[in-house]
Amino acid sequence: MVRPDQVTVGVLVSEVPRDAVDDAVAVCGVREKRSDGKLPAHVAVYLTLGLCLFPEDDYEEVATKVTGSLDRWGCWNAGWNAPTSSAVSQARKRLGRKVFAELFERCCGPVAGDAGPAAAMTATGTARGSFLRGWRLLAIDGFEADLPDSKENAAEFGYAGSGDNRSAFPKARVVALAECGTHAFVAAEVGSYGTGEKTLALGLYPRLRPDELLTADRGFYSWQAWDIAQATGAALLWRAPTQLDLPVVRVIPDGTYLTVLIKPTVRGARRERLLAAARDGVDLDDINAVQDAFDERGLPVAHLARVIEYDVPDRAGGGTGELIVVLTTILDPAEARADELADAYHQRWEEETGNDQLKTHLRGPGRILRSRLPDLVHQEIWSYLIVHHAISALTAKASAAADLDPDRISFTKALRLIRRTATGTADIPPSRLD
């Protein structure tokens, strides 16, 4: 159950505990040098998170709102005065850019309960929409953030377009993994606008685990990406680019078929030998059986994949009747039927919901970030990801307690409730929030 006192700024402290903050600060080596400072590093961290909870307010107003709640949670001395804007700004600069990424790693894991054979039948963390059989459903997608037009931000992050078509503001690019069922972000990469989504995503694939199934749109496919992600043991379910050659290796009775994905640099006779070996049923993972399937370093250059083709005849918009082709590492229909995989692939749209929650409801539509320095931009983006995760965790717990799908609980209403009750000047005891 979610306790009433968690529906305040306490949602940040409960999901981002003080010991995790202290550990992240210590690892990054930015602990304050003066023990009598009124803005120790852990307070600066919570204030920065508070800035993302109240994006319309200035530093002093946010500090005034947040510090009372921090006092209740043992993270603030009630004898201190709320810090000034200058003090908060200087404290943020002392933290640098790495603390919040480290804090995200420590606090922002899956929230939809445990994966496993019974995951899809349990309500722990509200499993509906979160699992396919024993796999946790994840999606990968990206979004952009407009930044203040400072020379420092322009130099590090760049603009979209050029010349007369250049964007008005510098832009940062974010690519993230999210739980499909809860919309909680569980991993992310932050970079310049000029760094493409495919490139940023390469830093996320090694983070996958064998109990996860990653869904991805065709824009993320490359042989390199598939190879890296498959090596983790995670299951993959990605839409195939229209130009990708998918030779039929074997037709499966359920109407799907096996194909072989071959590294693009492998051509000619060697490629034909690989296709012949695959069609003969030779194990492409056995270097002694198919030496052509490995490079000079012993790394694979070919992978079997299962292809599911279908259309959505009643799909709204211009995609009606479009053939959808998805690739999966789940080769055996007994492990996942074609209809299950088709449904699971469309769960990837849930990350679009998470992106919208962060950009439109939490940050505010069209809102530019506060930070004029790149280090602080990184802080702010990671802080938004952390705050969104904290709210997603709260709604997941509430949905589990009520045996509801997380989609039935309004992110906007949860956010409004947190903001409404997160006032630092009113000494409202937790019992008054029932």
In the structure shown, do any of Lys65/Lys413; Lys359/Lys413; Lys171/Lys359; Lys65/Lys98; Lys93/Lys359; Lys65/Lys397 have a Cα-Cα gap over 22 Å, and if so which?
Lys65/Lys98; Lys93/Lys359; Lys65/Lys397
5 Å is the cut-off here: which amide hydrogens, built 1.01 Å from N in the peptide plane, fall below it relative to Ala187, excluding neighbours closer than 5 in sequence?
Leu177
In order over region 363-375: 3J(HN,Hα) from phi, Karplus 6.51/-1.76/1.60, θ = phi - 60°, whole Hz, x for each Gly or Pro, gives 6, x, x, x, 6, 8, 4, 7, 7, 9, 10, x, 4
Vicinal HN-Hα couplings computed from phi for region 135-142 (Karplus, 6.51 cos²θ - 1.76 cosθ + 1.60; Hz; Gly/Pro x):
9, 7, 7, 10, 10, 10, 7, x
Amide H of Asp141 versus every other amide H placed in the peptide plane: which residues, excluding those fewer than 5 positions away on the same chain, fall under 5 Å?
Ala176
What's the magnitude of the charge dipole for region 256-314 around its Cα centre, counting Lys and Arg as +1 and Asp and Glu as -1 at the beta-carbon? Answer in Debye, nearest 20.
300
I'd like to know which of Ala269, Leu177, Gly161 lies farthest towards the positive end of the charge dipole of region 126-275, counting +1 on Cβ of Lys and Arg and -1 on Cβ of Asp and Glu.
Ala269
Suppose the chain between Gln224 and Asp114 were pulled fully straight at 0.36 nm per residue; how much longer would it get relative to their current alpha carbon spacing?
36.6 nm
Which order do the peptides 52-60, 177-185 come out in when sorted by mean C-beta neighbours inside 10 angstrom, highest first?
177-185, 52-60
Work out, step by step, the length gained on full extension between Ala26 and Ala168: first 0.36 nm times the residue separation, then minus their alpha carbon distance; give nm to one decimal.
47.3 nm
Distance in nm between Thr353 and Glu105 label points, each 7 Å along Cα→Cβ, equals 3.1
Quick check on packing: order 187-200, 154-167, 95-108 by the mean number of other C-beta atoms within 10 Å, highest mean leading.
95-108, 187-200, 154-167
Residue-by-residue Karplus 3J(HN,Hα) for region 342-352, coefficients 6.51, -1.76, 1.60, Hz, glycine and proline x
4, 5, 5, 4, 6, 5, 4, 5, 4, 5, 4
At 7 Å along Cα-to-Cβ for each site, give me the label-to-label distance between Asp283 and Asp295 in nm.
2.4
Cα-centred dipole magnitude for region 123-213, charges only on beta-carbon of K, R (+1) and D, E (-1), debye, nearest 20:
380
Amide H neighbours of Tyr257 under 5 Å, at least 5 residues apart or on other chains, H built in the peptide plane: list them.
Ile252, Val307
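Here, each number is a calculation from the coordinates, and none is a lab measurement. Here the structure is a predicted model, which means the values were calculated and not measured. FYI the Cβ positions are ideal-geometry reconstructions off the backbone, even for glycines, and counts take in every protein chain you see.
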